[in-house]
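These notes concern the structure reproduced below.
Coordinate-derived values only; no laboratory data. These figures come from a predicted structure and were not determined experimentally. Here the Cβ positions follow ideal geometry from the backbone for every residue, glycine too, while neighbour counts run over all protein chains shown.
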Amino acid sequence: MVEKDDLDDMIMTKPGPREAKKIEHDMLNRAASNPVRRKIIKEIGIYGASKEELLKNLGMQEAAFKFQIDYLLHQELLMEDDGKYRLTDKGIEILEINK
């Protein structure tokens, strides 16, 4: 029988509020420091943009675009709504920082 130890408890626990905030800031920094992601966020802006508009205006390959969009969606910086990508509050925060 395998015994449960303190390390297992540490691994399985969620981060506390302080650690969660640090993780969120690190994620925002990674998103804001990537020039491609910054361009996508700026292009979406406050009005949103469709996939076709973004591909045309950014001149990106579809595979690279999908990779970056998936990252931004996973990090909850974007959402997809009625065929358009729109910034979440976190995404707007990055947009404001990079004006």
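Potential lengthening of the chain between residue 20 and residue 81 amounts to 19.2 nm, from the contour at 0.36 nm per residue minus the alpha-carbon distance. Straight-line reach from residue 99: taking Cα to Cα under 26 Å and skipping same-chain neighbours fewer than 8 places apart, the lysines in range are 21, 22, 39, 42, 51, 56, 66, 84, 90.
In a simple Cβ point-charge model (Lys, Arg +1; Asp, Glu -1; nothing else charged), the chain has a dipole of about 640 debye relative to its Cα centre.
For segment 17-97, the Stokes-Einstein estimate of translational diffusion at 10 °C and a viscosity of 1.306 mPa s comes to 125 µm²/s, using the Kirkwood hydrodynamic radius over alpha-carbon pairs.
For segment 17-97, what does the relative contact order come out to in percent, with C-alpha contacts under 8 Å and a separation of six or more? Intermediate results must be reported in sequence, preceding the final value.
On the way: 72 pairs, mean separation 27.3, N = 81.
Reported relative contact order: 34 percent.
Phi-derived couplings, Karplus 6.51 cos²θ - 1.76 cosθ + 1.60 at θ = phi - 60°, listed residue by residue for segment 65-71: 4, 4, 4, 5, 5, 4, 4 Hz, with x used for Gly and Pro. A helix-only calculation puts the chain at -19500 deg cm²/dmol for mean residue ellipticity at 222 nm, using -39500 (n - 2.57) for each DSSP H run of at least four residues, averaged over all residues. Each residue, residue 64 and residue 13, gets one label point 7 Å from its Cα in the Cβ direction; the gap between the two is 4.4 nm.
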